[in-house]
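Structure first, then comments.
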Amino acid sequence: MIKTLILAGGCFWCVEHDMREAESVVTVTSGYSGGEITSPTYEDHKGHREVIEVTYDDEMTSYKKLLQHFIDHIDPTDAGGQFGDRGDSYKSAIYYESDEEKITAEGVIKELNDSYVYDTPSVVDILPRKSFYKAEEYHQDYAEKNPLRYGMYRQGSGREAFVNKTCQIREEKNIVWSR
């Protein structure tokens, strides 16, 4: 069955690009969620976070596996945003749609904290799902449309180095996610 999930992990260009690489993802769309205003825009999305909506086939992958992939591509310990992007619009979050999704998200965060990949605990918010508003077209598929600019942004923000370091720590400590 085709399902969707909404995630916030800083700049939606980066999270969109990383989640496209996850197994059995059908589409990834950049947008806004979590705020009260309707029809937010990049210039005016007060109260909303930059998010992505992931469409996936739950017969081919699981909600849990997608959350694990997401966590490995953000800094789950940064309460002030993500990498070069600071402020509430860039704070990380998992938006759940059901009690089962909430329990799964809490379990993934507990597993992360119990693994001691990081020196401090996760600050990823687990929040009830709200309306998703698609971002402007120029934000969609940004990494593919603007590979040079995107690559420079990703490197300059520190995201690329951080993700690589996380993978190295997991490897060195032999830490793997549960299935």
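Only the coordinates and a few stated rules stand behind these numbers; no lab work does. Owing to the predicted nature of the structure, the values given are computational and were not obtained by experimental measurement. With ideal geometry, Cβ positions are generated from the backbone for all residues, glycine too; neighbour counts draw on all protein chains shown.
Values as computed for the structure displayed
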read-out	value
Long pairs among K91/K165; K130/K165; K3/K134, criterion Cα-Cα beyond 25 Å	K130/K165
12 Å beta-carbon shell around Y42, net charge (K/R +1, D/E -1)	-3
Length gained when the stretch S24-T77 is fully extended (0.36 nm per residue, less Cα-Cα span)	16.4 nm
Quarter of the Cα convex hull surface for the chain, i.e. its orientation-mean projected area (nm²)	9.9
Binned Cα-Cα distances of region 120-179, short to long, each 10 Å bin given as a whole percent	16, 28, 36, 20, 1
Ascending count of other beta-carbon atoms within 10 Å, so fewest first, for R159, R179, R86	R179, R86, R159
Likely footprinting exposure, M1, M152, M19, fewest C-beta neighbours within 10 Å first	M1, M152, M19
Given charges at Cβ of Lys, Arg, Asp, Glu: the chain dipole, positive-most of W177, G81, W13	G81
Neighbour-count order for D119, D44, D57, D78, fewest beta carbons within 10 angstrom listed first	D119, D44, D57, D78
Length-normalised contact order for region 2-173 - Cα pairs under 8 Å, 6+ apart - percent	28
For the chain, size of Cβ-based charge dipole, Lys and Arg +1, Asp and Glu -1, in debye	240
Ranked by how many other beta carbons lie within 10 Å on average, peptides 91-101, 24-34, 128-138 from highest	24-34, 91-101, 128-138
Net charge of Cβ neighbours under 10 Å - reference G84; Lys, Arg +1; Asp, Glu -1	+2
Charge sum, other residues only, whose C-beta stays under 13 Å from D99's C-beta, Lys/Arg counted +1 and Asp/Glu -1	-2
Cα centroid of region 133-179 to Cα centroid of region 1-47, whole Å	14
Projected label distance in nm at D119 and M60, using a 7 Å step from Cα toward the beta-carbon	4.1
Gained length - T41 relative to E106, 0.36 nm times residue gap less alpha-carbon distance	20.4 nm
